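A short write-up of the structure that comes next.
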4 protein chains.
Amino acid sequence: MCRWLAYSGSPILLEELLYKPQFSLIDQSLHARLGVETTNGDGFGVGWYGVDDPTAPTLFRGVGPAWSDPNLRELAGSVPSPLFLAHIRASTGTPVQQTNCHPFRYGRWLWLHNGAIREFATVKRELVLAVDPGLYPAIAGSTDSEVMFHLALTFGLRDEPVEAVERMVAFVESAGRRHGVEHPLQMTVATTDGERLWAFRYSSEGNSRSLYYSTDVTTLRALYPENENLWRVSDETRIVVSEPLVELPGAWRPVPESSYGLIQEGADAMGVFRPGRR
Amino acid sequence: MCRWLAYSGSPILLEELLYKPQFSLIDQSLHARLGVETTNGDGFGVGWYGVDDPTAPTLFRGVGPAWSDPNLRELAGSVPSPLFLAHIRASTGTPVQQTNCHPFRYGRWLWLHNGAIREFATVKRELVLAVDPGLYPAIAGSTDSEVMFHLALTFGLRDEPVEAVERMVAFVESAGRRHGVEHPLQMTVATTDGERLWAFRYSSEGNSRSLYYSTDVTTLRALYPENENLWRVSDETRIVVSEPLVELPGAWRPVPESSYGLIQEGADAMGVFRPGRR
Amino acid sequence: MCRWLAYSGSPILLEELLYKPQFSLIDQSLHARLGVETTNGDGFGVGWYGVDDPTAPTLFRGVGPAWSDPNLRELAGSVPSPLFLAHIRASTGTPVQQTNCHPFRYGRWLWLHNGAIREFATVKRELVLAVDPGLYPAIAGSTDSEVMFHLALTFGLRDEPVEAVERMVAFVESAGRRHGVEHPLQMTVATTDGERLWAFRYSSEGNSRSLYYSTDVTTLRALYPENENLWRVSDETRIVVSEPLVELPGAWRPVPESSYGLIQEGADAMGVFRPGRR
Amino acid sequence: MCRWLAYSGSPILLEELLYKPQFSLIDQSLHARLGVETTNGDGFGVGWYGVDDPTAPTLFRGVGPAWSDPNLRELAGSVPSPLFLAHIRASTGTPVQQTNCHPFRYGRWLWLHNGAIREFATVKRELVLAVDPGLYPAIAGSTDSEVMFHLALTFGLRDEPVEAVERMVAFVESAGRRHGVEHPLQMTVATTDGERLWAFRYSSEGNSRSLYYSTDVTTLRALYPENENLWRVSDETRIVVSEPLVELPGAWRPVPESSYGLIQEGADAMGVFRPGRR
């Protein structure tokens, strides 16, 4: 499928997470350790918010493999950001083209996804029809992930993010089951409005792709006093990843099955993700 | 907009039309003389039938400009074909990606288009909904041209080509007008099943993009006895082009406004194109 | 050939010059008015210095046309810079690939070029042999422009920029003439170390490609008090361009034939460019 | 490094070897089993001779991964050839660009390589200087492999292929050793003039990358009478591969260390490869 990461905290250069860690996202593009596919070479993307502007994220997306893209290397070394999403793609069948690269953007919102809507070709028309006609022209590519985003927007993402994603999933599952698909959806998702960041882990079969988040920075600093990287970032800094970037005992905790996390100023939150509840 | 050509006749190398003429399609990619845009650098495509197989066309499409593509140059010099379509694109807004490059293919059929559905973002949803749900998953890109093709297929292209294209146009025009678009459609189109080739010239405003066809080869041979190229091809060979490939008096005739032409074994045909008739 | 611009002054978003002016560089990529070629679609590049760091320029270069590159559009709207070079390429024969896109970089230096070394294939070996063996491995592409850069570095660009470029040109001219080339070199060049910016206009035949620089900002402000853009930038801001970005009488002056200009903190300078002097 | 294959025999569609076998070259691009790198996603290339013309090979080379290239898939299904070379690249540092993709071509000759000249940046200048000045302008990219090809051409490839490759290797080894490189060269190479095909396996350390050739077709037919693929091709058909395309006991034999093979009409030949002999 794919690999991704989301960062929220003190502004850092993108390269701190994309290139420098032992199992950086770029390393994962060549040999992911926990993914269904070891190679994630079907395009990539980064979406970031400027240091002082949470309303207008910038996108940089490419169709080649991330590991050999000179422009990504250049930008990662010069762009600082307090909030960014990055994604490396392993296509599940849709074409390798920029409009199919994550993250997707709508206004100030970004969205990225690892997983798949199963038998997407079969259910796609029904799903697309349910997208708000006013949002429909904003669908630029052909992935299941982008349709999921626009369904979530249709179902209220901008007002009630968790509930909207639950409604989207419930809708996708009911559509899939009407077409005889046993386990219609597999997903880890990150989405943000530039201020708060939500991460979701869910699958119809209750056996979701891996997802981890970084633990409390102050605890980590006490455990690893010699690691200077941990001192430079604020206590509120958090990273969410498909798979750990370094092997550092205690540094990463799995997001539980059928759960979501919310990273924000002040106390973060975690909750049960229950598509059927409404 | 775009420029295109269609060839039917004795097998020739693609380069005979793509590169060798004075105003070849490649030359037109840099400086078209009759187009709305002088530069057609937003991708290109060629679809060709093998010498002995009218049922399985091959596509070669690229996202860069045709004029600098080394692979196109190589293939054009080595692939012979008795029937091929070639297209250079000037995007009217949709992304430059392979799935938006012409020709489009469905089974043994190819389709290409110059022009536009005006205010396509506004009417797209309504048009796409009218595509046969069984054909819907075959739409891979985001152009108006590909939607027109799938609407024509929905309306019977494989059985009654001219009538199906008329129905498609009538449908696009009625959808556009419901949304207040005065002149919903501008088009020259070529389509083929590998045996017969249809070319259409039409626009809602009755002022369509240029389209020419090559005149009778035997007449040309009498007029230009010194031109060896004319002797190598059969009497039935025909070329249809957005703009003439060479300045050769008498060699090209405009396809009349609101008309279609049919090139086939035996007598060719031309007729009035009347979207409202059925 | 190509088109380029160089900016030095108050930090501005790249888009202020790349996209917003009437005859912006992006507009020139589709229809240059003063160039040998109207289309400059064989790749592009931007090199910029960060707001606080004149020592580590970032490069973003692409092989498609600038006019359709979504990433360039995104970056231009989010990257501010006090000093940047931008280039759109019309190849004179060498392949369209990122390593042939301008600007070229060596350490803190950037270099870009419009023009050509005539009969480059004939003289290339002799020129490349003259490059300092320690610099030789840094040549990544196959253009005449990059070889000119490395010859200038070899001849002292980092210490005596004007003299080094004069030596480079004298060397290229003598090599060309040894091979019977009447007018070996045609060039406008910009180069910078992140603090000072040099622009050169020269050709062996004394008939060089166009090059303009923006006049004194305070004068312009008096002439055009209603133009708010002119008030936002400092008095020292300067732009050098292949062709004017807007039609604003008095705003642009041609760099004289066989001359160079130096833009720096404090008084700028202009001088005669005389390859044979040393 | 890279993976490659060479085919000589009855004309077949490229897809028969590129896509259809269990461990096809395309499969190897995602997960090679015997290579140094499991992923070979840094571009690809195919060079083929037409069914009736051994003098003018056609090249198709791309910079994306082979596994997701729609044009390669299309061509492989429609181009038949009696003699072709195919290569998937894992860069050892030089840029991912078409001019660095194998095979390389000079006149009727094709050349491809797996391996590396160690410390190539250090010895490159010395090697390039030894290339015949008349051949020098034909070097279009920046790889060690292309320099090896032009050195072999300089040393007589067209007249004495084996001896020329031996001289090239001896030269590369002496240059490397002058610069203190212990094991200067690692290579498997295939080269052809459109009629005969040579394959080489050699490394300075005597521990070369894997290379296999298909055994006698008549023997295989007797062993595997149910395998229809084996009946369609002539007795003279041979395949040389970096790693076996299928697991078929007895079907593949390793090319011995420090050896070369010659495939031609009539009896094939194998010999010792001895760079120091002349």
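Observations
- Residue list for region B:52-73, restricted to those being more than 20 Å from the chain's Cα centre (by Cα) and facing another protein chain (nearest Cβ under 8 Å): B:68, B:70, B:71
- Residue check, residue A:78 in contact with a strand residue (DSSP E or B) (Cβ under 9 Å, 6 or more places away or on another chain) and more than 14 Å from chain B (Cβ to nearest Cβ): yes
- Of all residues in region C:183-196, exactly one satisfies the criterion of being open to solvent by 40 Å² or more (accessible area, probe 1.4 Å) and either closer than 17 Å to residue C:258 by Cβ or among the polar types (S, T, N, Q) (or both), namely C:183.
- Residue check: residue D:122 meets all listed conditions (1) over 26 Å from residue C:126 (Cα atoms); (2) open to solvent by 10 Å² or more (accessible area, probe 1.4 Å); (3) touching a residue at least 24 places away in the same chain (Cβ under 8 Å); (4) assigned to a helix (DSSP H, G or I) but one, namely (1).
- Lone qualifier among B:92, B:122 - being polar (S, T, N, Q) and away from chain A (no Cβ under 14 Å): B:92
- Residue check: residue C:163 meets all listed conditions (1) acidic (Asp, Glu); (2) open to solvent by 20 Å² or more (accessible area, probe 1.4 Å); (3) within 14 Å of chain D (Cβ to nearest Cβ); (4) part of a helix (DSSP H, G or I) but one, namely (3).
- Pick from region D:167-196, criterion among the aliphatic types (A, V, I, L, M) and over 18 Å from the mean Cα position of the chain (by Cα), ranking: farthest from residue D:8 (Cα to Cα): D:181
- Inter-residue pairs, beta-carbon under 9 Å, first farther than 29 Å from residue D:90 by Cβ and in region D:242-269, second outside any loop (DSSP other than H, G, I, E, B) and open to solvent by 40 Å² or more (accessible area, probe 1.4 Å), 6+ apart: D:250/D:219; D:250/D:223; D:268/D:213; D:269/D:260
- Of the residues in region A:153-160, none is within 30 Å of residue A:38 (Cα to Cα) and at pLDDT 95 or above.
- Every residue from region C:131-163 that is out of contact with any Lys or Arg (no Cβ under 7 Å at 6 or more places or on another chain) and aromatic (Phe, Trp, Tyr): C:149
- Test: residue B:187 is in a helix (DSSP H, G or I), in contact (Cβ under 8 Å) with a residue 12 or more places away in the chain and in contact with a helix residue (DSSP H, G or I) (Cβ under 8 Å, 6 or more places away or on another chain): no
- Hits in region D:95-108 (condition: under 18 Å from the mean Cα position of the chain (by Cα) and either within 14 Å of chain C (Cβ to nearest Cβ) or among the basic types (Lys, Arg) (or both)): D:98, D:99, D:100, D:101, D:104, D:105, D:108
- Residue pairs whose Cβ atoms lie under 8 Å apart, separated by 6 or more positions or on different chains, with the first residue in region A:146-157 and at positive phi and the second open to solvent by 10 Å² or more (accessible area, probe 1.4 Å), are A:156/A:163; A:156/A:167.
- Pick from region B:131-155, criterion open to solvent by 20 Å² or more (accessible area, probe 1.4 Å) and more than 12 Å from every other protein chain (Cβ to nearest Cβ), ranking: farthest from residue B:57 (Cα to Cα): B:155
The values are calculated or read from the model by the stated rules, or taken from the named source; none is laboratory data. Remember, predicted model here, so these are calculated numbers, not experimental data. Every residue, glycine among them, receives a Cβ derived from its backbone with ideal geometry; neighbour counts consider all protein chains shown. Only protein heavy atoms, including side chains, enter the accessible area calculation; ligands, DNA and RNA are left aside. Shrake-Rupley method; radii C 1.70, N 1.55, O 1.52, S 1.80 Å.
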